[in-house]
Amino acid sequence: MSSPSPERITEFRARSNDGVVMGDAEIPAPGEQRAQQIIEMIDAAFSRVTLGNGIGLHQAQGLDDYADERTCAALRAKDEKADWHRIDRSTLNACHSSLSFFDAEGMRFHLPAFLIASLLQDEDYGTIYRLTDLSSHNLEKFKLLDLAQRESVRCYINHLTNSPDCRIKQKEAVQALAYWSLPAP
């Protein structure tokens with residue numbers, strides 16, 4: 001797989017609301033070159049995903065705050081539903097706890113934005129924890145991911161676990177990589 005061109009990275013930035021969802025950092029080092037390849041893989045795998053009836057980013061914040069149905073509906077009205085590329089960095093930063101409250105459709109829609117932002121901004125958002133938590137409740141959120149999407153997640157986990165800054169235990173990483181290598185249940 002080839003690395004995304006500077007034009008492709010510019011395109012990612014242009015499609016975001018704040019122009020920097022992919023971060024301002026360039027990715028020159030060999031480790032970061034692999035990150036660029038993973039970004040391209042994630043983008044290709046999730047390119048046509050929409051939110052559908054899934055839980056949105058702001059709506060999930062309402063759930064986190066124990067908001068009533070009316071408030072959650074108002075929050076959902078603010079959510080991006082058609083193109084996850086439009087979710088800007090500041091929104092991801094403000095709503096990172098939403099990862100815990102998505103349903104399967106919401107997770108499939110928002111996951112690529114979190115993954116790519118994580119790779120480009122060196123932000124975790126708790127994404128690696130969510131992807132390596134193999135509890136049945138958590139895995140239910142990933143049931144809609146197809147083979148290409150699962151492969152991009154596996155590559156993301158593998159990349160992060162090989163990073164010197166990785167805070168995940170080796171045993172958990174190995175188990176998670178094995179899970180993500182399998183076809184969707």
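The values are calculated or read from the model by the stated rules, or taken from the named source; none is laboratory data. Everything numeric in this text was worked out from a predicted model, so none of it was measured. Cβ atoms come from the backbone with ideal geometry, glycine included; neighbour counts cover every protein chain shown.
A few remarks follow.
- Yes/no for Tyr179 being out of contact with any Ser or Thr (no Cβ under 8 Å at 6 or more places or on another chain) and modelled with pLDDT under 90: no
- Set side by side, the residues Ile55, Ile42, Ile38 differ, and just one is at pLDDT 60 or above, touching a Cys at 6+ places or on another chain (Cβ under 7 Å), β-branched (Val, Ile, Thr) and surrounded by 12 or more Cβ atoms within 10 Å (Cβ to Cβ), which is Ile38.
- Hits in the range 46-76 - residues which are farther than 16 Å from Lys141 by Cα, of a type in the set (A, V, I, L, M) and assigned to a loop (DSSP other than H, G, I, E, B): Ala67
- Of the residues in the range 66-74, at least one is of a type in the set (A, V, I, L, M), at pLDDT 95 or above and surrounded by 13 or more Cβ atoms within 10 Å (Cβ to Cβ).
- When restricted to residues that are of a type outside the set (D, E, K, R) and buried (at least 20 other Cβ atoms within 10 Å of the Cβ), the range 112-155 contains 20.
- Restricting the range 136-185 to residues that are among the aromatic types (Phe, Trp, Tyr) and farther than 17 Å from Gly126 by Cα, the residue that is nearest to the chain's Cα centre (by Cα) is Trp180.
- The lone exception for Asp122 - which of (1) within 10 Å of the chain's Cα centre (by Cα); (2) under 16 Å from Asn158 (Cα atoms); (3) modelled with pLDDT under 90 it fails: (1)
- Selection of the range 77-96 for residues being outside any loop (DSSP other than H, G, I, E, B) and crowded, with 18+ Cβ neighbours inside 10 Å yields Trp84, His85, Arg89, Thr91, Leu92, His96.
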